[in-house]
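Written below as structure tokens is the structure these notes are about.
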Amino acid sequence: MSEKFNVTAMPVGVVGLGLMGSSIVAALLISGHPVKAVAPVAADAENARERISNQLHKCVTAGLIHSSDEFEGNLTISRDYEVLKPCQVVIECVIEKRDIKSQVYKKITSVVDRDCIIGTNTSAIPISELQNHIDFPERFLGIHFAEPAFMTRFLEITCGKLTEETFANRIFKLAHEWGKEPTLLKKDIRGFITNRLMYAMYREIFYLIENGTATREDLDKAFRYDAGSWMTLMGIFRRMDYMGLKDFDAILKSIFPKLSNAASVPDIMQTLVQEGARGIHNDNGLYPYDPGEGRQWDEAFTRFNKDIHHLAANYSEENVKEQLKS
Ligand SMILES: NC(=O)c1ccc[n+]([C@@H]2O[C@H](COP(=O)([O-])OP(=O)(O)OC[C@H]3O[C@@H](n4cnc5c(N)ncnc54)[C@H](O)[C@@H]3O)[C@@H](O)[C@H]2O)c1
């Protein structure tokens with residue numbers, strides 16, 4: 001990992017300042033980058049600065065930075081894509097719609113250099129599909145953050161069919177400057193890694209609740225107190241090794257045929273999305289919320305995230321290897 005980055009002299013652009021966009025702006029600011037943030041729609045421009053300040057305050061609460069003042073000075077917010085001109089990397093973070101994303105790519109590529117790396121934070125649209133809508137597609141790839149982007153070490157880099165590896169390797173190296181433990185997918189696949197794993201689990205829990213096997217509370221409890229007790233240290237393969245493997249062939253053979261392979265969206269989710277539910281963000285979700293209770297969960301998650309961030313640091317890949325040597 002020879003290449004050193006002078007991030008303070010490396011402007012990075014973010015287009016789309018919603019939930020993830022504002023969180024990614026905060027992550028890039030506290031990593032030292034000057035950030036050029038574009039609000040593609042008027043609604044965004046109105047509350048973008050307040051939204052990003054809130055994210056930076058969460059960074060202060062979590063002990064990642066002492067104060068947000070010095071970082072706010074490094075931030076440019078505009079509706080004008082021209083501000084992206086000096087950027088070496090631009091991250092698109094607009095709604096999960098192909099046509100909207102491709103309109104945004106046209107505006108980005110009309111102002112940035114041809115070797116500016118353009119990344120998308122899409123959750124599930126294959127990179128190779130989006131790549132058909134961008135000039136010089138070799139410099140386009142998936143740069144997938146998890147919420148809150150400034151807190152988690154997660155970052156998924158996905159190459160599309162036309163992506164040149166030099167650009168992917170550059171983002172992989174730069175991601176370490178962002179405090180990430182990045183994964184690099186050399187092959188494009190819908191949902192990439194994390195969402196394929198998570199959605200397989202979402203399918204199974206909806207199956208179990210719809211056929212009355214377990215309650216919502218018990219499904220969450222089982223996941224919290226089993227997977228939640230090892231995930232940050234082990235991951236799934238390491239966990240199987242830890243469990244000893246001897247019965248796995250028999251168990252996999254008997255359970256795999258019984259798992260859900262439903263292809264349709266569960267009724268409960270269709271209903272919630274149709275009625276505009278946004279979970280803790282509007283106190284309407286898979287759980288009932290008293291007015292304002294969603295915000296309490298958001299605050300509890302910020303406190304929890306502070307602890308898990310430091311716990312993950314103690315058990316980072318490097319630290320575990322060091323501990324194993326000693
Ligand atoms: N929410 C998550 O936890 C999460 C996690 C990882 C990736 N993502 C992905 O990040 C992207 C943004 O998701 P989000 O949760 O921040 O959504 P959001 O709804 O909070 O923000 C979407 C943004 O899209 C922009 N937008 C809306 N209409 C537009 C239009 N007509 N033209 C141009 N821009 C428009 C606005 O800037 C808006 O702020 C999506 O691709 C999503 O799949 C979301």
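The values are calculated or read from the model by the stated rules, or taken from the named source; none is laboratory data. In this text the structure is predicted, and so the values were computed from the model without any measurement. Neighbour counts run over all protein chains shown; Cβ positions are idealised from the backbone, glycine included. We work out accessible area using only protein heavy atoms, side chains counted, and drop any ligands, DNA or RNA first. Shrake-Rupley method; radii C 1.70, N 1.55, O 1.52, S 1.80 Å.
For region 77-119, what is the accessible area per residue in Å² when the probe is 1.4 Å? Please list the in-between numbers first.
Details: 2070 Å² over 43 residues.
Solvent-accessible surface per residue comes out at 48 Å².
One quarter of the convex hull surface, Cα atoms only: what value does that give for the chain in nm²?
Mean orientational projected area (the chain, Cα hull): 19.1 nm².
Work out, step by step, the length gained on full extension between Ala43 and Glu70: first 0.36 nm times the residue separation, then minus their alpha carbon distance; give nm to one decimal.
7.1 nm
Enter the accessible area per residue of region 194-319 (Å², integer; probe 1.4 Å; all protein chains in place).
77
Given the alpha-carbon gyration tensor of region 7-185, what are the semi-axes of its equivalent ellipsoid in whole angstrom, ordered largest first, with each equal to the square root of 5 times an eigenvalue?
Gyration-tensor ellipsoid for region 7-185: 24, 18, 14 Å.
In degrees from 0 to 90, rounded to the nearest 10, what is the angle of the helix 216-225 Cα long axis to the longest principal axis of the chain?
80
Need one word for region 178-326: rounded, prolate or oblate. Basis is the Cα gyration tensor (sqrt eigenvalues a ≥ b ≥ c); a/c below 1.5 gives rounded, then a/b vs b/c decides.
Oblate shape, in that a/c is at least 1.5 and b/c is the bigger or equal ratio.
Full-extension gain between Ile308 and Ile189, please, as 0.36 nm times their residue separation minus the C-alpha to C-alpha distance.
Residue separation times 0.36 nm, minus the Cα-Cα distance, leaves 39.9 nm.
Protein chains only, probe 1.4 Å: how do Arg139, Arg114, Arg216 rank by accessible area, largest first?
Final ranking, largest accessible area leading: Arg114, Arg216, Arg139.
Of Asn121, Gly142, Gly228, which is farthest on the positive side of the dipole of the chain, counting Cα position, with +1 on Lys and Arg Cβ, -1 on Asp and Glu Cβ, and the Cα centre as origin?
Going by the Cα projections, it comes out as Gly142.
Under a plain spin-label model, where a point goes 7 Å from the Cα along Cα-to-Cβ, how far apart in nm are Val320 and Ser264?
4.1
Quick one: Karplus J couplings for region 296-312, per residue in order, coefficients 6.51, -1.76, 1.60, θ = phi - 60°, nearest Hz, x for Gly and Pro?
Per residue, the Karplus-derived 3J(HN,Hα) values read 4, 5, 4, 5, 4, 5, 5, 5, 4, 4, 4, 5, 6, 4, 6, 4, 4 Hz.
Counting only protein chains, not ligands or nucleic acids, how are Thr166, Thr122, Thr194 ordered by accessible area (probe 1.4 Å), most first?
Correct descending sequence by accessible area is Thr166, Thr194, Thr122.
Give the accessible area for Leu155 in Å² (nearest 10); use a 1.4 Å probe, count only protein heavy atoms, and leave out ligands, DNA and RNA.
0
Compare the peptides 248-255, 301-308 by average per-residue count of other Cβ atoms within 10 angstrom and give them in order, highest first.
Packing order, densest peptide first, comes out as 301-308, 248-255.
Just tell me which lysines come within less than 21 Å, Cα to Cα, of Lys321; anything on the same chain fewer than 8 places away is out.
Lys173, Lys180
I'd like the distance separating the alpha-carbon centroids of region 127-202 and region 258-319, in whole Å.
22
Within 10 Å, count the other beta carbons around each residue, average over each peptide in 69-80, 285-296, and list them highest first.
By packing density, highest mean first, the sequence is 69-80, 285-296.
What aspartates and glutamates sit close enough to Lys101 to cross-link, taking a C-alpha to C-alpha distance under 14 Å and skipping anything fewer than 8 places away on the same chain?
Glu92, Glu129, Asp135
Calculated from DSSP H runs of 4 or more alone, at -39500 (n - 2.57) each and per residue, what is the 222 nm mean residue ellipticity of the chain, nearest 500?
Mean residue ellipticity at 222 nm (helix-derived): -14500 deg cm²/dmol.
Which value, in debye to the nearest 20, gives the size of the charge dipole of region 203-279 about its Cα centre, when Lys and Arg are +1 and Asp and Glu are -1 at the Cβ? Show your work: numbers first, answer last.
On the way: 10 positive and 11 negative charges, 49 e Å.
Using only the charged Cβ atoms, the result is roughly 240 debye.
With point charges of +1 on the Cβ of Lys and Arg and -1 on the Cβ of Asp and Glu, referenced to the Cα centre of the chain, which listed residue (Ala277, Gln88, Ala214) lies farthest in the positive direction of the dipole?
After comparing all options, I get Gln88.
Please list, or write none, the lysines whose alpha carbon is within less than 29 Å of the alpha carbon of Lys253, excluding same-chain residues fewer than 8 places away.
Hits, sequence-local ones excluded: Lys187, Lys221.
Given a 10 angstrom Cα cut-off, can you work out which residue in Asp188, Asp115, Asp218 is the most mobile in a GNM of the chain?
Asp218
Name the residue, out of Gln274, Gln103, Gln88, whose mean-square fluctuation peaks in a Gaussian network model built on the chain with Cα pairs under 10 Å.
Gln274
Over region 44-133, what percent of the accessible surface lies on carbon and sulfur atoms, probe 1.4 Å?
That share works out to 48 percent.
Could you order Met151, Met234, Met198 by accessible surface area, starting with the largest, using a probe radius of 1.4 Å?
My answer, sorted largest first, is Met198, Met234, Met151.
Taking the Cβ-Cβ separation of Leu252 and Ala300 as r and a Förster radius of 56 Å, what is the calculated FRET efficiency to the nearest 0.05?
0.95
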